[in-house]
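Below is one structure, written out as structure tokens; comments come after it.
The values are calculated or read from the model by the stated rules, or taken from the named source; none is laboratory data. Treat the numbers as computed from the prediction; the structure is a model and nothing was measured. Cβ: placed from backbone, ideal geometry, glycine included. Neighbour counts: every protein chain shown.
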Amino acid sequence: MGVPCKNDTEDPNKQNNHMDSGTDGDLNGDTLGAKVLQDSNIKSNTLEEMYEGQTGASSQGPSDTEQEVLPPRTKSNKRGRPRKTLKNTQDTGPAKTKSVASEAAVNHDSPAFPESSEMTPSGRPKRKAAKVALEYLQNISKDLEKSEKSTKSEQNGLDRSSSPSPRKPSGRGRGRGQKRKAPDYDSDQNDDADFDPGNHGEVESEEDEDEDYEDSVSCKQPYKRMPYNHKVVGNNGLSSCAMQPVWASFRNNKEFRDKHSSPWVFPEWIPSVSDWHILSSREAEKYLPQEKESMNFTLCREGIKGQDTLQRVKRFESMTPNAERWDSLFFVGGPVWAMEWCPIPEGAAHTQYAALYCNGNMDDRHKMNKLHTEHALLQLWDLGKLQMSRPLSSPRLAYALAVDDGCIWSLKWCPAGAWELPTTVRKAPHVPRLGLVAAAFSNGNIAVYSLPHPEHLPAQNQATGESSQEPQIYRVQRIMTVKVGSSQADHDGRSGLCFALDWLPVKPHNILAAGFCDGMVSLWDLSTKSPLLRVRSPDRCLSLYPYHCFLAHDNTIRRLSWCRASSELMVTVGDDRMVKLWNLTKTCTPLQAIKRFLPTDVSWPVFWPGVFLTQESCYATLGQQGLHYLDSGYFGIKPFFVCTRKATVWSFSVSDWMNCCVIGDNIGEFVCSVLCDPNCNYSNSKRHRFPVYRTELVQFEPGQRFEEAQLKEEKEEERDSIQQEPQTYREAVRKYYLRFHDMDLRSFIKYQQKPILKQLHASETKGLLFVDQMPLNALYKVCFNPNMDAHSWVLSAGQSGLVRVHCVSGLDGPVMHKLIREAQAQFSTMFCSQENDTSATAVHQCTAETVQVP
């Protein structure tokens, strides 16, 4: 600032040398003033940023003499990185220096050099990294938009907006951000700032780490303001966060089963018609359940009127599936304690079957510590082709097996490789095989049966004089009897009853595990050829002894379950209130032993690193009843509460296809719960549960019963002056009837506001348990369908003998339908050659070449 001198036109290097030499000695006043003016002119061009804010002298400012001795104005403290200096390599003349000095005097914020395409206003070359980064982000946003459009059809028709919107800041609570303007990459102020790959529109600095992820979009695309709690909801009413684990589980389970399931096992166990003998009506009478007709009940379906009428179903008969909800019902004759679906391969869109056992009398009581023998009936029900549409046929009893070993407390099918096409041609007397089933009886024995397809039995066994309406009951020669002990020292039922039975879920599916009342766990190798373990008696009966036994509990083993992803891990629960995880290669000590309440059921799903278990309510703390999840150690053993229940949960079932579970309790509530992602923190995840149906025990009103029965029973009721709860089944059905409240499972839009869900929540917290009532509405067994083609169908049964079939169709999506169609196309391609070939020898040779006996 000041009058330019002659030395300004010289070379800058000379000026710097001259300035340095002049500062060493003593200078007079004139020389000092000239040097000060010269130094100020140079610094105004080269070190402009270091003296930012300095103003020039105005026309009314101090004189030249006063200006010479005034010190330069100190630099103001500013945040940020220090400014870099830029050497001035250009020669500036007196006139140019004077003009720059006069402009700086008028406006100190104006740039020292004019802006050009390659230079910034401060005279430095522009940085191109910011522009390149901006273009890079725009390309990424375009790719994201294309990927969103391609995956939109796979996510159940989700309601995604066409333009993503940044989150609107809330006026209260955490996560409030401070807005700042987008940086100007052409300005000199931000040339040296760090590269920030954020949005270049109006951005928001979030302080909360739990904020939702925001998709990056192009700067040119306009933003659409959405509320901060906006959720992406699908057509079924559930958010994408809740449905994403369901879709991922379906795809992962398909890949897992393709790798770890055998296509064909035990080829020597083909059913033979010569081992099946049909019984006459007189011979089959002692095996049939005593109740010939069910108790009164009503069906109240949500959204359907005119269904509240009393109905009854005869033994071994069923109701037609509902036209809208597809649910059906049939009566088996007694309380159901064992029930399992028959596994079929992926893509085989064939008939679904279920095997079950019911007690012969409604009032039967059995002691757990004593063996007993009685007549029993193992029933096989044909449920039709259960696809994603209404079943075309009603459930019917395909056939039944008459057994003399007592009650059946546990049933297990071979998980894979035992089913073959019903059109497979075999040489007589062999017929196509439906599956292999193991049953644990009350006399301590375990039997394995090879069941054929039902359509092949009537053609081979014509019973003269039998009506076609009568159920087909057979006495069957079993494949083998599984026993405890050894060939030299038979245990002869010393281990007690067997309540727990499970089949190895991964290939080669050759190991059967069972738990007994004395706390012993036994393992049998079904494919062994050892003469010490495999003994055939003179009556052609084959006995198999275990290859390994170990003492797992101090009391009765209630349930055991293989880890569905491993052949070495197992979980057992017993009446000693212990939950134990085992490594079967080292059974001297458990991997983990956790003392919990008295458990009733346990399961170890494929993709979960822990076990699910339920317990009896009388041994649990108030508010702790229901379904629990225990991690195997990654998050410790702290339980995760999956679903709260007020009453005892007798049975539950987990679906690996849908990442869901169903629960049946003692008060007749059948609940479905959508599980969270198994790879997340379970305690922070939201749980979705809803009732499939509720069973209510309702007392008859005057004149509501059937007239014929009412006239006979009114005289008996007059004799009882004291009002008390009935203690037998016949007395209870005179006083009560069942009312089923079904939820609409096709959609879950605003399901939290439905009355049936509010009643469910009320029963969980304030529900009353009437321990003196006969539990006619209790559910003892529930199970999800393990087959891919019918993955959304569930079975439930209990004390009343009524078995109900439901379809949870609201949890299906386009991803599942696509994979099912692909599996069906692959299955039809693989087995079309067998269907077209009519030669039994050719089919047998083709099968033998592809079978690998484990």
Quiz item: Quick check: is even one residue across region 400-416 surrounded by 18 or more Cβ atoms within 10 Å (Cβ to Cβ), more than 30 Å from His260 (Cβ to Cβ) and touching a Cys at 6+ places or on another chain (Cβ under 6 Å)?
Solution: no
Quiz item: Would you call Arg282 farther than 22 Å from Glu470 by Cα and of a type in the set (Lys, Arg)?
Solution: no
Exercise. Identify the residue in region 565-586 that is of a type in the set (Val, Ile, Thr), touching a strand residue (DSSP E or B) at 6+ places or on another chain (Cβ under 9 Å) and without any contact (Cβ under 8 Å) to a residue 60 or more places away in the chain and, among all such residues, is nearest to Phe607 (Cα to Cα).
Key: Val571
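What residue, of Phe641, Phe635, Phe670, is in a strand (DSSP E or B) and either at positive phi or at pLDDT below 90 (or both)?
Phe641
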Quiz item: Which residues, counting only those in region 246-274, are within 11 Å of Asn659 (Cβ to Cβ), among the polar types (S, T, N, Q) and out of contact with any Leu (no Cβ under 9 Å at 6 or more places or on another chain)?
Solution: Asn252, Asn253
Quiz item: For Ala440, are the conditions met, namely being crowded, with 23+ Cβ neighbours inside 10 Å, assigned to a loop (DSSP other than H, G, I, E, B) and in contact with a Ser or Thr (Cβ under 6 Å, 6 or more places away or on another chain)?
Solution: no
Quiz prompt | Residue list for region 332-355, filter: within 27 Å of the chain's Cα centre (by Cα) and assigned to a strand (DSSP E or B) | solution = Trp337, Ala338, Met339, Glu340, Trp341, Tyr353, Ala354, Ala355
Quiz item: Scanning for something at negative phi, within 31 Å of the chain's Cα centre (by Cα) and in a strand (DSSP E or B), does region 531-542 turn up at least one residue?
Solution: no
Self-check item: Boolean, Trp413 is under 21 Å from Leu377 (Cβ atoms), modelled with pLDDT of 95 or more and touching a strand residue (DSSP E or B) at 6+ places or on another chain (Cβ under 8 Å)
Solution: yes
Self-check item: Evaluation of Gly515 against (1) within 22 Å of Thr648 (Cβ to Cβ); (2) surrounded by 23 or more Cβ atoms within 10 Å (Cβ to Cβ); (3) in contact (Cβ under 8 Å) with a residue 60 or more places away in the chain (one fails), failing number
Solution: (3)
Practice problem: Could you give me the residue pairs with C-beta distances under 6 Å whose first residue belongs to region 759-781 and is closer than 17 Å to Val733 by Cα and modelled with pLDDT of 85 or more, whose second residue is β-branched (Val, Ile, Thr) and not in a loop (DSSP other than H, G, I, E, B) wherever it lies, and which are 6+ apart or on separate chains? | Solution: Asn777/Thr695
Quiz item: Do we find that Val606 is aliphatic (A, V, I, L, M), surrounded by 16 or more Cβ atoms within 10 Å (Cβ to Cβ), within 22 Å of the chain's Cα centre (by Cα) and under 28 Å from Asn659 (Cβ atoms) in this structure?
Solution: yes
Exercise. Examine region 550-572 for a residue that is surrounded by fewer than 18 Cβ atoms within 10 Å (Cβ to Cβ) and in contact with a Lys or Arg (Cβ under 7 Å, 6 or more places away or on another chain), and state whether such a residue exists.
Key: no
Quiz item: What are the residue pairs meeting all of these: first residue in region 242-255, first residue more than 15 Å from Asp812 (Cβ to Cβ), second residue buried (at least 16 other Cβ atoms within 10 Å of the Cβ) and of a type in the set (Phe, Trp, Tyr), Cβ atoms under 8 Å, and 6 or more apart or on different chains?
Solution: Asn252/Phe607
Self-check item: Failed item, numbered, when Pro505 is tested on (1) of a type outside the set (A, V, I, L, M); (2) farther than 25 Å from Thr481 by Cα; (3) under 28 Å from the mean Cα position of the chain (by Cα)
Solution: (2)
Practice problem: Check Trp503, Trp524 and return the single one that is crowded, with 18+ Cβ neighbours inside 10 Å and in contact with a His (Cβ under 7 Å, 6 or more places away or on another chain). | Solution: Trp503
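Do we have Arg396 as surrounded by fewer than 21 Cβ atoms within 10 Å (Cβ to Cβ), closer than 27 Å to Asn777 by Cα and free of Cβ contacts under 8 Å to residues at least 12 places away in the same chain here? Can you show your working first?
Values: surrounded by fewer than 21 Cβ atoms within 10 Å (Cβ to Cβ): yes; closer than 27 Å to Asn777 by Cα: yes; free of Cβ contacts under 8 Å to residues at least 12 places away in the same chain: no.
Criteria not met by Arg396.
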